[in-house]
Each structure stands twice: as C-alpha cells, then as structure tokens.
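Q: Sharing a structure here in structure tokens format.
The values are calculated or read from the model by the stated rules, or taken from the named source; none is laboratory data. Since this is a predicted model, take the numbers as computed values, not measurements. Every residue, glycine as well, gets a Cβ built from its backbone with ideal geometry; the counts of neighbours run over all protein chains shown. The accessibility values were calculated without ligands, DNA or RNA, using every heavy atom of the protein model including side chains. Shrake-Rupley method; radii C 1.70, N 1.55, O 1.52, S 1.80 Å.
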Amino acid sequence: MWWTAEEEKQQLRQPDCLFCRIVHGELPSTQIYEDEQCVAFNDINPVANVHALIVPREHVTYLIGATEQHEPLIGHLMRVGARVARQTGIEDAGYRLAVNQGVDAGQIVEHLHIHVLGGGQLDQLGTPLGPI
Ligand code: AMP
Ligand code: ZN
C-alpha cells in the first residue's frame, strides 16, 4: 500500500481518488510543475490550447470543505497557477484560473483543483447552459 494508515486517517490521501493517485505517482500524468504542496499537470481532455490542473498533494474534496487551515495552501495554489501560466507562455496574453465547485459547475473529480486555461480567447465566464 502506498499511503500510511496515519495519512489515511488524517484524510491526507483517499485510496480511490484519481488525483490522489496521480499526485502520489501511482497513475501517470503529463507533469509540468511540482513542489512540496502541489502538482501541476496537463488536463487529459483539454478545453483550451493550454489547460493545466493545479492539484494539492493533500486530499481536499471540495472548496466548501476547505477550512481556515487551508488558506495558505489555497493561496499557494493560485500563485502556482500564475507560475504555470508564465511557464506555459500564456502570461502576457491572459488566462483564467478556475475552480469548479459541485454539480452546477460540472465538478467531476472530487479532489480540489484549479484549472489554468489560456492560449487563445476564452468563452464568456460562467455562461449558463440553460435559461436563467
Ligand atoms: P472538474 O470538472 O473541475 O472536476 O475537472 C476535472 C478535470 O480533470 C477535467 O477537465 C478532466 O478532463 C480532468 N481529468 C480527468 N482525468 C484526468 C487524468 N487522468 N489526467 C489529467 N486530467 C484528468
Ligand atoms: Zn484525492
């Protein structure tokens, strides 16, 4: 087993979580950045010319589950998003950092992550799919 019982008890890793398995090296990804707090890799199904994901090593399921103790981590993830944007060459033209929270936002992976989107004009932010 690649996580300790203590880590699982503290919910730092979830055994069936796709992104836990990626950040701990059990599943492959196209990694573009890593540090002690997070990993960044290319989205497997990009919706923009540049589409990367910033994923904390710690398992946090939802943004709404984040606590005060996560504030430094979330700030760090945003700064890494900016760094990855610079690294991928989209800093000057502009880009978007986004978190999908829950069903209406289309969250499919239940491990907090930040999308880095750019490399061309993006759609209007938050365009509803149906009537409002
Ligand atoms: P979200 O809708 O915010 O939960 O986004 C999850 C993202 O993870 C989607 O854009 C997926 O394309 C992406 N994704 C799912 N599986 C993988 C994977 N194995 N490697 C990289 N990205 C993935
Ligand atoms: Zn996870």
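Q: Taking the range 99-132 only, how many residues are touching a strand residue (DSSP E or B) at 6+ places or on another chain (Cβ under 9 Å), surrounded by 15 or more Cβ atoms within 10 Å (Cβ to Cβ) and within 16 Å of residue 77 (Cβ to Cβ)?
A: Final tally of qualifying residues: 9.
Results for (1) in contact with a His (Cβ under 8 Å, 6 or more places away or on another chain); (2) part of a helix (DSSP H, G or I), shown as yes or no for each residue.
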site	(1), (2)
52	yes, no
75	no, yes
81	no, yes
105	no, no
108	no, no
112	no, no
116	yes, no
125	no, no
130	no, no
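Q: Any residue in the range 60-89 that is open to solvent by less than 50 Å² (accessible area, probe 1.4 Å) sitting within a Cβ distance under 8 Å of a residue that is among the aromatic types (Phe, Trp, Tyr)? List the pairs, counting only those 6 or more apart or interchain.
A: Listed by first residue and then by second, the contacts come to 80/33; 84/33; 85/95.
Q: For residue 46, all conditions in the list (1) open to solvent by 40 Å² or more (accessible area, probe 1.4 Å); (2) in a helix (DSSP H, G or I); (3) more than 16 Å from ligand 2 (Cβ to nearest atom) hold save one; what is the number of the exception?
A: The one condition residue 46 does not meet is (2).
Q: Being at pLDDT 95 or above, open to solvent by 50 Å² or more (accessible area, probe 1.4 Å) and touching a His at 6+ places or on another chain (Cβ under 9 Å) is the requirement here; does residue 34 meet it?
A: no
Q: Further question on the same structure: Filter the range 33-59 down to the residues that are touching a residue at least 40 places away in the same chain (Cβ under 8 Å) and of a type in the set (Asp, Glu), then identify the one that is farthest from residue 98 (Cα to Cα).
A: The selected residue is 35.
Q: With the checklist (1) in contact with a strand residue (DSSP E or B) (Cβ under 9 Å, 6 or more places away or on another chain); (2) more than 13 Å from ligand 1 (Cβ to nearest atom); (3) not acidic (Asp, Glu) in hand, flag the one item residue 66 doesn't pass.
A: (1)
Q: Moving to a separate point now. When you scan the range 15-31, how many residues do you find that are away from ligand 2 (no atom under 12 Å from the Cβ) and either in a loop (DSSP other than H, G, I, E, B) or surrounded by 17 or more Cβ atoms within 10 Å (Cβ to Cβ) (or both)?
A: 4
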